[in-house]
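This report concerns only the one structure given below.
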Amino acid sequence: MTSAADIKRITRVALQRNPHWILRKQQLVVLPIDHYVQSFSFNGTRTSHYFHLSFGIAPLYELDFNQGYGARFETSLGEEMWDARDDNIEEEIALRCEQESARFTRARSPQSFLYYAADFTNTERNSSLILTHALAGNPLLAKKILLEELFRLELEHWYRSETWLRFKPDLHHVRRRRRLRRLLSILNDGPARVEALAHTLERVNVHKLDLEKHWTSPWLNRRR
């Protein structure tokens, strides 16, 4: 497992050369932050001092915020795992992150984010992209994905209740079904309600990430 001190040390050169980047725990965040968080993640392994390095873009406005879509990238020598003890690790981290950061220019709107995310997931079936489709002007596809996910959860709940002798509802699934039903109601209310929800979710997620002072483009400013 790579320690916080290791991550702070090995990102020193990257932060010096890129003052618009900031370190938040195990993530090197690339500013500015508008509707998307663009970052590099240092993911520890079971072997001390070794870690995986990945890039990702996450929409702040989605219902289930996560690390987003991206992939691991290798060292300059093609090795999958990075070693925090390497002599030139600081320079190599800076160089490789600068090279990979070119990908971040591809996501500046819901439409361009869907184009970017298509390299990593089936965007027409992924339930984590419901609001993205709605904001991109395709509410019918957003509802289709939502209803398919809701049907899957309902079917799984019914099957377990019918076949398990000691059935207890999965609380995570119960909460998710409720959230999807509320989201369906908002989608049915039209674009204004969708944007209002997206704005609220962005504020919540920016606050959770402690990135409020770096948030440069709230929805209200976008429409001026």
Using a 1.4 Å probe over the heavy atoms of the protein chains, calculate the carbon and sulfur portion of the accessible area of the range 1-58 as a whole percent. 56
On each of the three principal axes the extent of the alpha-carbon atoms of the range 32-157, given in whole Å and largest first, is 53, 34, 21
Counting other Cβ atoms within 10 Å, keep those with at most 16, restrict to DSSP loop, and tell me which GluC sites (Glu not before Pro) in the range 70-124 are left. Glu74, Glu79, Glu80, Glu124
Taking the chain as a Gaussian network, where each spring joins two C-alpha atoms under 10 Å apart, which residue of Val174, Val204, Val29 fluctuates the most? Val174
How much accessible area per residue does the range 75-118 have, in Å², with a 1.4 Å probe? 54
So if I place +1 on the C-beta of Lys and Arg and -1 on the C-beta of Asp and Glu, and nothing else carries charge, what would the dipole magnitude of the range 1-48 be about its Cα centre? I want it in debye, nearest 20. 200
Val204 and Ser3 label points (each 7 Å along its Cα→Cβ direction) are spaced in nm at 3.7
By how many nm would the segment from Leu165 to Arg178 lengthen if fully extended, with 0.36 nm per residue of separation less the alpha-carbon distance? 2.2 nm
Obtain the nm distance between the two label points defined at Glu91 and Gln16 by a simple spin-label model: each point lies 7 Å from its Cα along the Cα-to-C-beta direction. 1.2
Identify, among Leu180, Gln67, His207, the residue whose Cα sits farthest towards the positive end of the charge dipole of the chain, taking +1 on the Cβ of Lys and Arg and -1 on the Cβ of Asp and Glu, with the dipole about the Cα centre. Leu180
Can you pull out the trypsin sites (Lys or Arg not before Pro) in the range 1-37 that DSSP calls coil and that have at most 16 other Cβ atoms within 10 Å? Lys25
Checking a compactness column here: for the range 109-224, what do you get for Rg(Cα) / (2.2 N^0.38 Å), N being the number of residues? 1.25
In square nanometres, what is one fourth of the surface area of the convex hull spanned by the alpha carbons of the chain? 14.7
Net charge of neighbours whose Cβ lies under 9 Å from the Cβ of Glu80, counting Lys and Arg as +1 and Asp and Glu as -1: -1
Can you list the lysines whose alpha carbon is less than 30 Å from that of Lys213, not counting same-chain residues fewer than 8 positions off? Lys8, Lys25
Ignoring any ligand, DNA or RNA, what whole percent of the accessible area of the range 94-217 comes from carbon and sulfur when the probe is 1.4 angstrom? 53
With each run of n ≥ 4 DSSP H residues scored as -39500 (n - 2.57), what mean residue ellipticity at 222 nm is computed for the chain after dividing by its residue count and rounding to the nearest 500 deg cm²/dmol? -14500 deg cm²/dmol
Of all DSSP beta bridges located in the chain, what percent are antiparallel, nearest 5? 95
Tell me, in nm to one decimal, what length is gained between Ser112 and Arg72 on full extension, where the rule is 0.36 nm per residue of separation less the Cα-Cα distance? 12.3 nm
Can you give the accessible area per residue of the range 122-224, in Å², using a 1.4 Å probe? 66
Could you tell me the relative contact order of the chain? Use alpha-carbon pairs under 8 Å, at least six residues apart, and round to a whole percent. 19
Student exercise, the range 3-132 dipole from Lys, Arg, Asp, Glu Cβ charges, in Debye to nearest 20: 380
Give me the number: length gained by fully extending Ala196 to Glu98, i.e. 0.36 nm times residue separation minus the C-alpha to C-alpha distance, one decimal in nm. 31.8 nm
Shape of the range 2-58, Cα gyration tensor, a/c cut at 1.5: oblate
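The values are calculated or read from the model by the stated rules, or taken from the named source; none is laboratory data. These figures come from a predicted structure and were not determined experimentally. Neighbour counts are summed over all protein chains in view; Cβ atoms, including those assigned to glycine, are modelled from backbone coordinates with ideal geometry. Calculation scope for accessible area: heavy atoms of the full protein, side chains included, ligands and nucleic acids excluded. Shrake-Rupley method; radii C 1.70, N 1.55, O 1.52, S 1.80 Å.
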